[in-house]
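A quick write-up on the structure given underneath.
The values are calculated or read from the model by the stated rules, or taken from the named source; none is laboratory data. Just so it is clear, the model here is predicted, and its values are computed rather than measured. When we count neighbours, we look across all protein chains shown, and the Cβ atoms used for this are built from the backbone with ideal geometry, even at glycine. For the accessible areas, the whole protein counts, side chains as well, though only heavy atoms, and no ligand, DNA or RNA atoms are used. Shrake-Rupley method; radii C 1.70, N 1.55, O 1.52, S 1.80 Å.
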Amino acid sequence: MHIHRWVFILSLVFFSVMVQADSGLAGVTWHIEAIAEDQPFRQHVDDPIALSNWQVLDQPSHVLTQGFSASAYWLRLSLENLQERPLSAVLMIEVPWLDYIDVYQAGYDESMQRLAAMGDLRPYQRANFAFTFPKVEVVIPAGQSYLYLRVESQEALIVPIALVSPQQHTEVAIYQGVYFGLLYGGLLIISVYNVFLFLIFRNRDNLYYVLFVATFILGSASYNGLLYHFGLHQYPKVATEIHPHLFFLYQYVGLIFISRLLNIKNDYPIVYKLIKGFAGLLVITHIVMIAVNSAYFSQTVSVVTSGFYGLVLFSTCVYIFGKRGLTSVLATYGVFSSLIGTLITTLTVVSVVPYTFATFRSIEFGFVIDAVLLSFALAANKKYMFKVRERMQTYLLQQENLKKIELEALVKERTENLESVNQKLTRLAVTDELTQLLNRSGGNTSLQDSINCYYRYNRIFSIMMIDIDFFKKVNDSYGHQVGDAVLVAVAKIIKDSVRACDVCCRWGGEEFLIVCPESDMAGAKRVASEILTKVRESKMHPVETITLSIGLAEVKPGDDINSVIANADSQLYRAKTEGRNRISSVVESS
C-alpha cells in the first residue's frame, strides 16, 4: 500500500510550489517601525505624523497582526535606500480582504503625498492588484524615508507587507497563479473523478464527497480573494460578508459526508444523534449570526464553529477508528490533518502563531491531505463491492420475475378498465339519458353543495324552476317522439344560455332546475329572460310555439334545500296562474 508515499509527495509539492521571489529589495532596508490605533471609517487624515498615539515596536517586523479588531491602524514604515539614486519598487500587502488601505509617502519637509486608496469596499481597479494582493508603486528616495499605511478591515486585521522590485512583483503574481492553479486544479480533478464514479456505481457517497470538496473550494476562493476578483468585485459588500456563510455550508456538507461514509446512522445511532444535535446547533448559530448582522460577530462565530466542527468530526473518527477497516483509518488521518491545518491558520489569523507562508496556508495544505485520504477511503469502502453485487442480483431477479411483472401489468390494465367502467356508471347514475343534463339526484347533490357553501363561506346563489307550458298538449297532439324532441331542444337552449359554473338538471317530466352560484336574484332573472326569449322564438317543427313558466328564488338565511325548492316552486306556480310565458320571483311577489 503506497498511500503514505502519495500523501508525502503531495504535501511536499504543495509546501514547496510557492517559491516566493526574494522579498528583499537590493540596496534597501525597511521595516514597520511604529503603529497607531485610529477610529474606523475615517477615509482621510491630513497629517498622520501628528497623531499622538504612535507606539514604537520593540521588534521591527514586516507583518502587523491585530486579530479581529474594530479599529483601524496606522503603520509607519521606515525605509533606508543605501544607493545614491531613487529606486522604483512595489509595495504589496499579501492578504486580499482588507476593506480600506491608504498609502502615504512623507517628503523630506514632512509633507504628505497620498499614493493610493485601495480596498475591497472601494471602487475596483485591476491595476491596484498583483493577482489578488493589493499593491502600490513607490519611488524610494536615497537615504532615510517613510511610508504611512492606514488599514481597516471587518475581518482579521493581519497585514503582511512585501517591498519588491517591479520584476519581483511580476514573479509573485505568477507564483500565486501557479499555486492556486495546482491547489484548485488538483481538487477539481479529484472531484471530477468521483463524479464519474457516482455515474457508474450510483453511490451517493461519491456525490457528497464532490459537494464536500466543492464547498471548500468556494470558501477558500472567497478567503483568498478569488471570488472578489473574478466575479464579485461589483458587489463588494457581498464579497466581504460571504466568507462565514460559505464555511457554514462547508461544515454542513462535511457532517453529512462523514456520517454517510462511516455509515454512522445505522451502525452508531447514539453518535449519529450527537452529530445531528451539533448540526442543529450550527443551524441555530448561523441564524443568530444572520440576525445580528455584524461582520465582527460573524467572523468570530465562524472561527469558533470551525474549531468545534473539526473536534466533533475528529472525535467521531477516533471513536470508530479501525471498526470499519481501512475506511475509518483513512478518514481519521484525513480529518486530523484538516483539523491541524485549520487550527494553525486560525491561530495565525488571531495573532497567536507568527505569520509565515506555511502557517497562513496550513488550512489549505491540511484540506488537500484530507481530500486525498478521504478519496482513498471511498475507494476502500466495501460499499462498492456491495453495489456491484446488488446490481447483478437485481438483473437476475428481473429475469426470474419477468412473468410476475407481466401478470402485474395485466392486473393493472384490468383494474384500470374496471375503474373506467365504474366512472361511466357513476356518471350515468346522475345523468338524464334523454337530455344529457343532470337528473334529479345529481341536481339535489349540486343544490346541497351550494347550500353548504352559502353557510360556510357566505356565497349566495339563486335557483330557477322551469316548466314547459302546455307540454301535455304537445304529447297528446304530436306524440311522445315530438315531445322528447321538444325536451331535448329546450335543454340545449338552457345549457347554451347559462354560465359554465351554473348547474342544469332535468327535475322531472317537463320541469328543469338551474342552480346559479354567486348570483343574486337580478343576475338569475337576466339569464331566465334570455332563456324565455330564446325558447319562445325558436322553431320546433311541427309545434308552432313553445313557451316557459319560470320561478326564481334566492337563498336566504335559514333556508335549507327543501325551503329553497319550495320558494322557487311557489313562484313557478304563480307564473302559471298569472298566464304562463313569464318569470316570477320572490321580490316581485313581496
Inset, instruction - Consider G307 carefully, then state whether it is of a type in the set (G, A, S), touching a Gly at 6+ places or on another chain (Cβ under 6 Å), within 23 Å of E364 (Cα to Cα) and in a helix (DSSP H, G or I). - result: no
Inset, instruction - Answer with yes or no whether V329 is assigned to a helix (DSSP H, G or I), out of contact with any helix residue (DSSP H, G or I) (no Cβ under 6 Å at 6 or more places or on another chain), in the same structural domain as I217 (by TED's automatic domain parsing) and open to solvent by less than 100 Å² (accessible area, probe 1.4 Å). - result: yes
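Every residue, every condition in (1) among the aliphatic types (A, V, I, L, M); (2) assigned to a helix (DSSP H, G or I); (3) without any contact (Cβ under 8 Å) to a residue 40 or more places away in the chain, yes or no:
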residue: Q399; (1), (2), (3): no, yes, yes
residue: K403; (1), (2), (3): no, yes, yes
residue: V411; (1), (2), (3): yes, yes, yes
residue: E416; (1), (2), (3): no, yes, yes
residue: L428; (1), (2), (3): yes, yes, yes
residue: E433; (1), (2), (3): no, no, yes
Inset, instruction - With the condition kept exactly as written, say whether any residue in segment 312-320 is open to solvent by less than 20 Å² (accessible area, probe 1.4 Å) and within 29 Å of K237 (Cα to Cα). - result: no
Legend entry - Residues of segment 78-96 that turn out to be closer than 26 Å to R126 by Cα and in a loop (DSSP other than H, G, I, E, B), as a count: 3
Legend entry - Residues located in segment 343-363, provided they are part of a helix (DSSP H, G or I) and at pLDDT below 90: T345, T346, L347, T348, V349, F357, A358, T359, F360
Inset, instruction - Please go through segment 139-162 and pick out each residue that is of a type in the set (A, V, I, L, M) and closer than 28 Å to L232 by Cα. - result: L149, V151, A156, L157, I158, V159, I161, A162
Inset, instruction - Could you check S563 against (1) crowded, with 17+ Cβ neighbours inside 10 Å; (2) closer than 14 Å to M464 by Cα and say which number it fails? - result: (1)
Legend entry - Set I284, I270: member being part of a helix (DSSP H, G or I), without any contact (Cβ under 8 Å) to a residue 60 or more places away in the chain, closer than 24 Å to S328 by Cα and open to solvent by 50 Å² or more (accessible area, probe 1.4 Å): I270
Inset, instruction - Could you grab the pairs with beta carbons closer than 7 Å, sequence gap of 6+ or different chains, first residue in segment 508-521 and in a helix (DSSP H, G or I), second one open to solvent by 20 Å² or more (accessible area, probe 1.4 Å) and charged (D, E, K, R)? - result: M521/E554
Legend entry - Within segment 106-134, considering residues that are assigned to a strand (DSSP E or B) and open to solvent by 30 Å² or more (accessible area, probe 1.4 Å), the one nearest to A156 (Cα to Cα): A117
Inset, instruction - Could you please give the count of residues in segment 494-523 that are open to solvent by less than 30 Å² (accessible area, probe 1.4 Å) and either within 51 Å of the chain's Cα centre (by Cα) or over 17 Å from A575 (Cα atoms) (or both)? - result: 12
Legend entry - Of residues in segment 192-206 being in contact (Cβ under 8 Å) with a residue 24 or more places away in the chain and either under 16 Å from A371 (Cβ atoms) or outside the structural domain of A371 (by TED's automatic domain parsing) (or both), the one most open to solvent (accessible area, probe 1.4 Å): Y193
Inset, instruction - Say whether the condition of being assigned to a helix (DSSP H, G or I), open to solvent by 60 Å² or more (accessible area, probe 1.4 Å) and closer than 25 Å to I451 by Cβ is met by at least one residue in segment 539-557. - result: no
Inset, instruction - Starting from residues that are open to solvent by 40 Å² or more (accessible area, probe 1.4 Å) and modelled with pLDDT of 90 or more, keep the ones in segment 84-105 and report whichever is farthest from V350 (Cα to Cα). - result: R85
Inset, instruction - Of the conditions (1) more than 30 Å from G325 (Cβ to Cβ); (2) more than 22 Å from the chain's Cα centre (by Cα); (3) among the hydrophobic types (A, V, I, L, M, F, W, C); (4) open to solvent by less than 20 Å² (accessible area, probe 1.4 Å), A239 clears all except one; give me its number. - result: (2)
Inset, instruction - For residues that are among the charged types (D, E, K, R) and either farther than 21 Å from D496 by Cα or surrounded by fewer than 19 Cβ atoms within 10 Å (Cβ to Cβ) (or both), scanning just segment 430-469, find the one that is farthest from the chain's Cα centre (by Cα). - result: E433
Legend entry - Residue match in segment 375-389 (condition: open to solvent by 40 Å² or more (accessible area, probe 1.4 Å) and modelled with pLDDT of 90 or more): no
Inset, instruction - Tell me which residues, restricted to segment 343-364, are open to solvent by 10 Å² or more (accessible area, probe 1.4 Å) and aromatic (F, W, Y). - result: Y355, F357
Legend entry - Selection within segment 545-566 - of a type outside the set (A, V, I, L, M, F, W, C) and touching a helix residue (DSSP H, G or I) at 6+ places or on another chain (Cβ under 6 Å): T547, S549, G551, E554
Legend entry - Residue in segment 182-190 that is open to solvent by 30 Å² or more (accessible area, probe 1.4 Å) and in contact with an Asp or Glu (Cβ under 9 Å, 6 or more places away or on another chain) present: no
